[in-house]
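The values are calculated or read from the model by the stated rules, or taken from the named source; none is laboratory data. Note that the coordinates shown come from a computational prediction; the quantities given were computed from them, not determined experimentally. With ideal geometry, Cβ positions are generated from the backbone for all residues, glycine too; neighbour counts draw on all protein chains shown. Quick note on the areas: whole protein, heavy atoms, side chains included, nothing else; ligands and nucleic acids left out. Shrake-Rupley method; radii C 1.70, N 1.55, O 1.52, S 1.80 Å.
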Amino acid sequence: LVDRLRQALIPKVATKLQFTSEDVVAAATPDHPSLGLTDQQQADRVAGLLRTTGLTYGFAQTVCLMAHGSTSQNNPHEAAHDCGACSGRPGATNARVQSYILNHKKIREMLGARGIVIPETTQFVSSMHDTAADVMAYYDEEVLSAENLNAHIINIQSFETALNLNAKERSRRFASIDTKQELEQVRKAIHNRSVSLFEPRPE
């Protein structure tokens, strides 16, 4: 399983985040001169996130910022199952941006001046839980050190166990799924339900 996880992790589709003021300076116009986030704005946002969640000390070796979203084939209410804090969209981009900022050395120095000291060895990685299919996606794992990648893989194994158990719990409400199957089979049935054209309410 560990070898399979390693092969599945890095790399995936390469995409580049562009959200800082330096990234988007070329796109600025007289009508919209303040595109992108300055260092100060980035520090403000992640400081608010950390304080709101109570994560201001005791940082783990790897910290996974997990967004949620819902993808399904035939669902008239799909947007209602995505993230309300993300305007009814999946939260993956927000998680990626927050992780990127929190891994930035200069932003960490600014946070340290505010009393939030993140150890140099701590790294943040982002992910998204698809709540219809009960699958997880992970982003920007290539930033992880070898040691932290190993810790991340161990975390993924724990998440896989949790996803299986979550699928089992959800299956009790679906007449189309045999809940007495093995956990992996139940979860596969949950995933198949999310892409079925015959299921207008796959959640």
Next on the checklist: If I filter segment 112-138 down to residues being in contact (Cβ under 8 Å) with a residue 12 or more places away in the chain and farther than 26 Å from Ile156 by Cβ, which single residue comes out as surrounded by the most Cβ atoms within 10 Å (Cβ to Cβ)?
Outcome noted: Ile116
Item to check | Selected residue (only one of Asp130, Asp134 is farther than 19 Å from Gln61 by Cβ and out of contact with any helix residue (DSSP H, G or I) (no Cβ under 6 Å at 6 or more places or on another chain)) | outcome: Asp130
Checklist entry - Is at least one residue of segment 104-111 of a type in the set (Lys, Arg), surrounded by fewer than 16 Cβ atoms within 10 Å (Cβ to Cβ) and farther than 26 Å from Thr56 by Cα? => result no
Checklist entry - For Glu169, all conditions in the list (1) in a loop (DSSP other than H, G, I, E, B); (2) charged (D, E, K, R); (3) out of contact with any helix residue (DSSP H, G or I) (no Cβ under 7 Å at 6 or more places or on another chain); (4) more than 22 Å from Leu55 (Cα to Cα) hold save one; what is the number of the exception? => result (1)
Next on the checklist: Being not aliphatic (A, V, I, L, M) and not in a helix (DSSP H, G or I) is true for just one of Gln98, Gln181, Gln157. Which residue is that?
Outcome noted: Gln181
Checklist entry - Taking Ser196, is it out of contact with any Leu (no Cβ under 8 Å at 6 or more places or on another chain), assigned to a loop (DSSP other than H, G, I, E, B), over 26 Å from Gly48 (Cβ atoms) and polar (S, T, N, Q)? => result yes
Checklist outcome for this item: Looking across segment 41-90 at residues that are at pLDDT below 80 and surrounded by 18 or more Cβ atoms within 10 Å (Cβ to Cβ), the single one that is farthest from Tyr139 (Cα to Cα) is Asn75
Checklist outcome for this item: Selection from segment 104-131 of residues part of a loop (DSSP other than H, G, I, E, B) and either among the hydrophobic types (A, V, I, L, M, F, W, C) or over 15 Å from Gln41 (Cα atoms) (or both) yields Gly115, Ile116, Val117, Ile118, Pro119, Glu120, Thr121, Thr122, Thr131
Next on the checklist: Looking at Ile177 and the list (1) open to solvent by 50 Å² or more (accessible area, probe 1.4 Å); (2) farther than 15 Å from Met136 by Cα; (3) free of Cβ contacts under 8 Å to residues at least 24 places away in the same chain; (4) not acidic (Asp, Glu), which single condition is not satisfied?
Outcome noted: (1)
Checklist entry - What are the residues in segment 139-174 that are among the acidic types (Asp, Glu) and open to solvent by 60 Å² or more (accessible area, probe 1.4 Å), if any? => result Glu142, Glu147, Glu169
